[in-house]
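Notes for the one structure printed next.
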Amino acid sequence: MGKAGLPVSPLAPARFPDLPVIAGVEFASGAAGVKYQGRTDVTLIRIAPGSTVAGAFTKSSTRAACVLDNQAKLAQGGDAPEGAAIIVNSGNANAFTGARGQESVDAVTGAVAQATGVPAARVFSSSTGVIGEPLPHDRIIAIIGDLAASLDAGGIADAARAIMTTDTFPKGASAVIEGEGGPIRIAGIAKGSGMIAPDMATMLVYVFTDAAIAAPLLQRALSSGLDTTFNAITVDSDTSTSDALILAATGRSDATPITTLDSGVGAAFVTALHGVMRELAQLVVRDGEGATKFVEIRVTGAASDADAHKVAMAIANSPLVKTAIAGEDANWGRIVAAVGKSGAQTDRDRLTIRFGDMILAQDGWRSPDYDEAAASAYMKNQDLVIAVDLGLGQGARTVWTCDLTHGYIDINADYRS
């Protein structure tokens with residue numbers, strides 16, 4: 001069973017991966033009883049002095065106090081000469097809680113600063129869970145001392161579990177590249193299952209690297225990968241109030257510093273970072289609430305990449321498409337309808353639709369080679385690829401989504417109870 005008592009997603013990986021230890025990062029997790037009793041719900045992460053920090057956050061106009069606080073702190077720069085810390089709680093989003101929300105953030109981050117010696121201006125916080133309920137921050141503060149005393153470089157797996165809410169499995173990904181003088185390691189964890197739609201990170205994500213890299217370059221490396229990773233997934237088209245992605249680089253690798261993203265090592269670092277981001281994003285989709293199918297939607301031939309994105313997300317967010325996938329119904333007419341409503345430039349008579357390697361429709365009509373039985377058989381797979389070519393240009397985008405089952409309703413109909 002998952003942390004919330006839900007069956008583990010059938011799309012889950014067999015096990016949590018073995019993530020490399022990132023020198024200069026320590027983790028501790030504990031149970032504060034923020035919402036539930038008897039399970040870990042708070043994670044403290046300490047990042048060594050001399051590190052740099054970057055971030056990306058939800059664009060929601062009702063974003064949580066912790067998001068606003070993190071954005072204000074990072075606006076002052078990403079250098080952390082005296083170190084940094086991250087405190088995360090699940091069970092309560094501390095969103096739409098008025099002035100009390102910032103009071104809770106200040107209380108929690110202040111307690112972390114006192115316990116770790118990290119300046120309060122470099123303590124970042126995240127909260128996830130129910131919206132509109134005041135955060136019982138005293139419960140979190142009560143265990144911060146114990147967390148600070150138990151910080152461990154090998155605690156990342158426990159941290160991945162502690163940040164879960166309706167997730168049914170912890171999510172982690174890593175990469176190692178060869179730098180000049182030694183390896184550079186990257187490791188990340190994420191939580192996310194519902195309320196997942198693009199508008200930044202669509203979840204809570206924490207990624208760490210031992211690379212030595214200046215904060216502006218680190219931010220650029222992160223931001224350049226958002227559109228093809230965390231902004232290319234959707235479970236239910238709902239954007240959270242609390243989405244946050246924090247990336248920290250400790251500089252503890254033996255490799256020489258990365259001073260440009262255009263060098264061989266710089267480009268390899270960006271590729272590896274985006275690979276970790278993409279894997280974490282896809283794991284969120286594989287844990288979509290009630291999901292039984294993982295769906296890749298590839299759109300090509302669009303007038304622009306932006307149009308390709310519109311079409312891909314129109315398909316990925318269509319309840320009619322998603323329920324047909326859940327029912328293993330090869331109803332490609334719903335793909336046609338989603339393309340038409342997308343707002344992108346399209347031409348009915350140039351459209352081609354594929355399920356896997358099969359062409360179902362082309363040139364504005366059902367393909368003469370269309371085989372209903374073969375298409376229906378394909379829909380029984382857990383992993384599906386739907387490809388649409390608009391026949392207009394070079395624009396392309398790939399996004400990932402899941403099906404929409406009754407399990408999604410079961411989870412969300414009584415979320416607060």
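For region 96-122, how many residues are within 26 Å of the chain's Cα centre (by Cα), assigned to a helix (DSSP H, G or I) and more than 17 Å from Ala80 (Cβ to Cβ)? Residues that pass the stated criteria total 6. Inspection of region 269-280 identifies at least one residue that is out of contact with any Asp or Glu (no Cβ under 9 Å at 6 or more places or on another chain), touching a residue at least 40 places away in the same chain (Cβ under 8 Å) and among the acidic types (Asp, Glu). If you take the residues of region 154-197 that are β-branched (Val, Ile, Thr) and at pLDDT 95 or above, which of them is surrounded by the most Cβ atoms within 10 Å (Cβ to Cβ)? Among residues in region 154-197 that are β-branched (Val, Ile, Thr) and at pLDDT 95 or above, the one surrounded by the most Cβ atoms within 10 Å (Cβ to Cβ) is Ile189.
Residue count for region 276-303, restricted to those that are farther than 15 Å from Gln382 by Cα, assigned by the TED database to the domain that holds Thr166 and open to solvent by 30 Å² or more (accessible area, probe 1.4 Å): 2. Restricting attention to region 123-137, the residues being more than 19 Å from Val53 (Cβ to Cβ) and either assigned to a helix (DSSP H, G or I) or in contact with a Leu (Cβ under 8 Å, 6 or more places away or on another chain) (or both) number 2.
Each residue in region 95-110 was checked for being free of Cβ contacts under 8 Å to residues at least 60 places away in the same chain and within 23 Å of Met164 (Cβ to Cβ), and 6 of them qualify.
The rows are residues; the columns are (1) in contact with a strand residue (DSSP E or B) (Cβ under 7 Å, 6 or more places away or on another chain); (2) open to solvent by less than 60 Å² (accessible area, probe 1.4 Å); (3) closer than 16 Å to Thr62 by Cβ.
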{"position": "Ala84", "(1), (2), (3)": "yes, yes, no"}
{"position": "Ile87", "(1), (2), (3)": "yes, yes, no"}
{"position": "Asn94", "(1), (2), (3)": "yes, yes, yes"}
{"position": "Ala99", "(1), (2), (3)": "no, no, yes"}
{"position": "Ala113", "(1), (2), (3)": "yes, yes, no"}
{"position": "Gly117", "(1), (2), (3)": "no, yes, no"}
{"position": "Phe124", "(1), (2), (3)": "yes, yes, no"}
{"position": "Gly132", "(1), (2), (3)": "no, yes, yes"}
{"position": "Ile143", "(1), (2), (3)": "yes, yes, no"}
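Counting only residues that are without any contact (Cβ under 8 Å) to a residue 60 or more places away in the chain and under 22 Å from the mean Cα position of the chain (by Cα), region 76-87 holds 2 of them.
Which of the numbered conditions does Pro7 fail, given that it passes all the others? Conditions: (1) assigned to a helix (DSSP H, G or I); (2) touching a residue at least 40 places away in the same chain (Cβ under 8 Å). Condition (1) is where Pro7 drops out. If you check Phe16 against the conditions, is it of a type in the set (A, V, I, L, M, F, W, C), open to solvent by 20 Å² or more (accessible area, probe 1.4 Å) and either in contact (Cβ under 8 Å) with a residue 60 or more places away in the chain or under 30 Å from Gly407 (Cβ atoms) (or both)? For Phe16, the condition - of a type in the set (A, V, I, L, M, F, W, C), open to solvent by 20 Å² or more (accessible area, probe 1.4 Å) and either in contact (Cβ under 8 Å) with a residue 60 or more places away in the chain or under 30 Å from Gly407 (Cβ atoms) (or both) - is met. On the given criteria, is Ala306 hydrophobic (A, V, I, L, M, F, W, C) and either open to solvent by less than 50 Å² (accessible area, probe 1.4 Å) or not in a helix (DSSP H, G or I) (or both)? It is false that Ala306 is hydrophobic (A, V, I, L, M, F, W, C) and either open to solvent by less than 50 Å² (accessible area, probe 1.4 Å) or not in a helix (DSSP H, G or I) (or both). For region 22-64, which residues satisfy the criterion of being of a type outside the set (Lys, Arg), in contact (Cβ under 8 Å) with a residue 12 or more places away in the chain and farther than 25 Å from Ile186 by Cβ? Within region 22-64, Gly30, Ala31, Ala32, Gly33, Val34, Tyr36, Asp41, Ser60, Thr62, Ala64 qualify.
Conditions (1) closer than 18 Å to Ser126 by Cβ; (2) of a type in the set (D, E, K, R); (3) modelled with pLDDT of 95 or more; (4) under 12 Å from the mean Cα position of the chain (by Cα), marked per residue:
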residue: Leu204; (1), (2), (3), (4): yes, no, no, yes
residue: Ala211; (1), (2), (3), (4): no, no, yes, no
residue: Leu222; (1), (2), (3), (4): yes, no, yes, no
residue: Asp236; (1), (2), (3), (4): no, yes, no, no
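Taking region 49-79 as the range and being part of a loop (DSSP other than H, G, I, E, B), open to solvent by 10 Å² or more (accessible area, probe 1.4 Å) and either farther than 15 Å from Ala215 by Cβ or not assigned by the TED database to the domain that holds Leu247 (or both) as the test, the residues that pass are Lys59, Ser60, Ser61, Thr62, Arg63. Quick one: in region 35-85, of everything that is of a type in the set (Asp, Glu) and under 20 Å from His137 (Cβ atoms), which residue is modelled with the lowest pLDDT? Restricting to residues being of a type in the set (Asp, Glu) and under 20 Å from His137 (Cβ atoms), the top hit is Asp41.
Taken together, the residues in region 21-48 that are among the aromatic types (Phe, Trp, Tyr) and crowded, with 23+ Cβ neighbours inside 10 Å amount to 1.
The values are calculated or read from the model by the stated rules, or taken from the named source; none is laboratory data. This structure is a prediction, so every number in the text was calculated from the model and none was measured. All Cβ positions, even for glycine, are placed from backbone atoms using ideal geometry, and neighbour counts span all protein chains on display. These accessible areas exclude ligands, DNA and RNA; they are computed on the full protein's heavy atoms, side chains included. Shrake-Rupley method; radii C 1.70, N 1.55, O 1.52, S 1.80 Å.
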